[in-house]
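Rule-based calculations on the coordinates, nothing more; no lab input. Note that this is a predicted model, so its numbers are computed, not measured. Cβ atoms come from the backbone with ideal geometry, glycine included; neighbour counts cover every protein chain shown.
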Amino acid sequence: MISRRDLLIGGGAAAATYAATSFFPLIAQNAPSFGAPSVVQVGFRKQKLGDMEIVALNDGVLRRPLAAEFVKNAPLDQVQALLKSQNLPTEYIDIPFTAFLIVAGNRRILMDTGFADNGPATTGRLMANLNAAGFKAEDIDTVVISHYHGDHINGVRNKAGQLVFPKAKIMVPAPEHAFWMDDARMNAAPEAMKGAFGAVRRVFTGLSADQLTQFQPGAEIAPGITSVAAFGHTPGHTLFTVQSKGEKFAFVADLTNIPQLFARNPDWAVQFDMDADAARASRRKVFEMIVNEKMMAGGYHFPFPAFGKIEPLGTGYDFKPVA
């Protein structure tokens, strides 16, 4: 098991574990096995929040076989039974990718970025959906990153290395940045993990102080938008709450991968969590906050339109998408 110390200041154990569970390579390799997933026909959804507007922007979806290692601490037959009880396939998992745009007055704040043209064929749709929703890349003044897994950061730059959102200031959690930009940790990492470090450097190296800003989780990053530490999935995994006129929204990023599994069973651990114990604690704490404060919730891997209500269900929670 990876300790908090390993995650925040150590390299060996955390690196070895992450090399075996690196998110993008696994799903990219396994995606074609059961055919292509269904394409979201309308890839954006707008929702009012007080004086603000939340826009869900789908970047695509990938399909991967459901293997025993996907849920690290539950037998495969139990996982399949839970999926079957919800009339979902039991042989494979479809994983969608949805970023969120906050429209607040003259501000346009994008939370996570998708793949751009750096991912598999069924991804990279965020820009088309942004345009369909009535916005251009140049309209985005701020990009906020939840964590440094490739499906969240690769959309900062296209394959040619150009910034996709040329006028945006990029804001990142300081603990996450420190972990992935540590040269000693990268050099000590197993060979299979060096690509993940390299991807981070491809995205963030060369950005000026005006372009890249680090924040401490817990800080208000813009009026009405507050960062929330939710460590465990990665060392600096950070969520964001948005508030306007008494209405509240929480972008939970990768707090749960596949809510039909990990919201209903918050103590289950997906293979991509770097510190399963910390992720489990974060998951329960954040879900409790969302329920108690009657927040609307949006998740990066939630089924499109990717936001709705979180309600208690048994010993866990249920995600109910907006109608």
Q) Put a dot 7 Å past each Cα toward the Cβ at Ala192 and Ala160; how far apart are the dots in nm? A) 3.6
(Q) If R₀ is 25 angstrom, what is the calculated FRET efficiency for the pair Lys167 and Thr226, using the beta carbon separation as r and rounding to 0.05? (A) 0.60
**Q.** Rounded, prolate or oblate (a/c below 1.5 giving rounded, otherwise prolate when a/b exceeds b/c) for the stretch 98-163 by Cα gyration tensor
**A.** prolate
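Going through the stretch 78-165, which trypsin sites (Lys or Arg not before Pro) have at most 14 other Cβ atoms within 10 Å and a DSSP loop state?
Lys136, Lys159
Please compute the net charge surrounding Val322, taking Lys and Arg as +1 and Asp and Glu as -1 over other residues with Cβ under 9 Å from its Cβ. Don't jump to the answer; show the numbers that get you there.
Details: positive: Arg45, Lys309, Lys320; negative: none.
Here the charged neighbours net out to +3.
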Q. Once the piece of chain linking Lys136 and Lys294 is laid out straight, how much longer is it, given 0.36 nm per residue of separation minus the C-alpha distance between them?
A. 53.7 nm
Q: Tabulate in residue order the Karplus-calculated ³J(HN,Hα) for the stretch 92-107, using 6.51 cos²θ - 1.76 cosθ + 1.60 with θ = phi - 60°, rounded to whole Hz; enter x for Gly and Pro.
A: 8, 10, 9, 10, x, 10, 9, 8, 10, 9, 9, 9, 10, x, 9, 8
Q) Of all the stretches in the chain, which is the longest one without any exposed loop site, taking GluC sites (Glu not before Pro) in a DSSP loop (any state but H, G, I, E, B) with at most 15 other Cβ atoms within 10 Å? A) 92-292
Q: Using Cα positions and a limit of under 18 Å, work out the lysines in reach of Lys84, with same-chain residues fewer than 8 apart set aside.
A: Lys320
